[in-house]
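Accompanying notes for the structure given below.
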Amino acid sequence: MAPRINGRTKLAGVIGWPLDHTLSPAMHNAAYDHMGLDAVYVPLPVPNEAALVRVVSAIRVLPFLGFNVTMPFKQAMLGLCDEVAAQARLAGAVNTVHCSDGRLIGYNTDGRGLLESVAEETGFSAEGKRIALLGAGGAAGAALVAMVVTRAARVAVVNRTKERAEELLARVADHARTTELVTVATDEAQDEVSSADLVVNATPVGMNGSMEMVVPAGWLRPGQVVADMVYRPAVTPLLRAAVDAGAKAVGGLGMLVAQGAMSVDIWADADGARAPRDVMRVAAEEGLGVQREGAGK
Ligand code: NAP
């Protein structure tokens with residue numbers, strides 16, 4: 001990839017900590033090569049919020065198309081943008097910044113990325129549907145906003161800490177004109193989960209070989225779509241239980257690809273270009289494979 005970098009090459013990247021296992025540079029650089037976009041995407045590891053402020057101000061004077069923001073800075077980035085799109089403000093987090101004429105414009109593509117990946121992999125549309133959303137953190141907030149915008153019929157936010165779910169609902173409720181919103185403690189959520197058309201895991205439970213699940217397998221049923229935001233491993237215990245129950249399972253890699261592709265769509269908008277999701281997915285899968293081999297050594 002390096003030989004195509006020249007004096008006019010634009011910059012993009014991801015800010016976060018740690019970034020050792022990020023798949024974004026592989027996905028984005030593969031997309032730029034495919035699109036013939038003269039840009040390069042680099043990891044920007046930033047250890048703390050004081051350093052974040054300095055890095056963001058440096059980006060303002062460099063030829064950046066834009067950048068992504070990941071854990072733990074999605075909330076802090078809200079306050080560092082010149083403008084924030086309504087959905088990102090409602091979600092309470094920014095994961096994509098567009099550098100446009102010296103201004104930093106914040107977006108959140110996580111929620112739309114989730115729904116795009118679910119639609120692409122199963123044909124499911126959230127419009128008019130019942131959803132059980134497991135978790136009430138940043139990713140759940142972004143997903144909830146996208147579900148409300150897509151006019152889901154009902155979303156039950158199911159969280160271990162009910163107060164956090166209530167805070168999230170309070171933020172979004174005024175904008176949910178056609179979506180009924182409720183909060184439920186996890187141990188009381190059987191009816192909501194079993195009656196949902198879509199169940200989404202927006203917690204880290206099930207990551208990295210853990211056998212834990214947020215809800216028991218017996219609550220899942222045939223015909224549901226069950227999506228997990230976790231993508232390490234590709235098949236989490238929840239997704240295995242979903243398949244066993246006759247539901248359709250969607251892993252988190254598609255969401256990762258879609259949220260990244262939507263960032264490219266925003267940055268390359270002037271050209272009317274659309275990021276190649278298939279190319280980005282192959283690059284992400286290769287990156288995961290390389291990391292697995294490395295871990296096995
Ligand atoms: P976060 O803000 O820290 O929120 C974590 C949520 O998970 C909270 O609701 C928390 O509940 C819940 N939780 C954590 N541990 C739990 C446990 N042991 N049992 C039950 N609930 C538990 O994190 P986030 O940024 O929303 O991210 C959530 C997950 O989504 C992470 O795994 C992240 O990697 C993934 N994600 C994936 C993508 C993608 O592109 N695929 C994008 C964004 C995020 P409490 O409120 O009770 O603490």
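The values are calculated or read from the model by the stated rules, or taken from the named source; none is laboratory data. What you see is a predicted model; the values in this text were computed from it and never measured. Here the Cβ is made from the backbone with ideal geometry for all residues, glycine too, and neighbour counts use every protein chain on show. For the accessible areas, the whole protein counts, side chains as well, though only heavy atoms, and no ligand, DNA or RNA atoms are used. Shrake-Rupley method; radii C 1.70, N 1.55, O 1.52, S 1.80 Å.
Couple of notes before you dig in:
- Residues being open to solvent by less than 30 Å² (accessible area, probe 1.4 Å) and either touching a Gly at 6+ places or on another chain (Cβ under 9 Å) or farther than 16 Å from residue 70 by Cα (or both) - total across the range 101-121: 11
- Every pair of residues 6+ apart whose Cβ atoms lie under 7 Å, when the first sits in the range 245-262 and is farther than 19 Å from residue 208 by Cα while the second is within 8 Å of the ligand (Cβ to nearest atom) and open to solvent by less than 20 Å² (accessible area, probe 1.4 Å): 258/113; 259/95; 259/110; 259/113; 262/113
- Scan of the range 122-136 for residues that are surrounded by fewer than 21 Cβ atoms within 10 Å (Cβ to Cβ) and either basic (Lys, Arg) or touching a residue at least 40 places away in the same chain (Cβ under 8 Å) (or both), ordered by number: 122, 124, 129, 130
- Only residues that are over 22 Å from the mean Cα position of the chain (by Cα), within 24 Å of residue 8 (Cα to Cα) and among the aliphatic types (A, V, I, L, M) were counted in the range 44-77, giving 5.
- Test for residue 193: is it open to solvent by less than 30 Å² (accessible area, probe 1.4 Å) and in contact with a Phe, Trp or Tyr (Cβ under 7 Å, 6 or more places away or on another chain): yes
- Any hit, the range 70-80, residues being closer than 30 Å to residue 216 by Cα, among the β-branched types (Val, Ile, Thr), within 11 Å of the ligand (Cβ to nearest atom) and not in a helix (DSSP H, G or I): yes
- Filter result (outside any helix (DSSP H, G or I), within 15 Å of the ligand (Cβ to nearest atom) and modelled with pLDDT of 95 or more) within the range 113-142: 132, 133, 134, 135, 136
- Across the range 234-282, the qualifying residues are those that are crowded, with 24+ Cβ neighbours inside 10 Å and either away from the ligand (no atom under 16 Å from the Cβ) or of a type in the set (Phe, Trp, Tyr) (or both), and the one among them that is nearest to residue 222 (Cα to Cα) is 242.
- Any hit, the range 214-221, residues being closer than 14 Å to residue 118 by Cβ, within 14 Å of the ligand (Cβ to nearest atom) and not β-branched (Val, Ile, Thr): no
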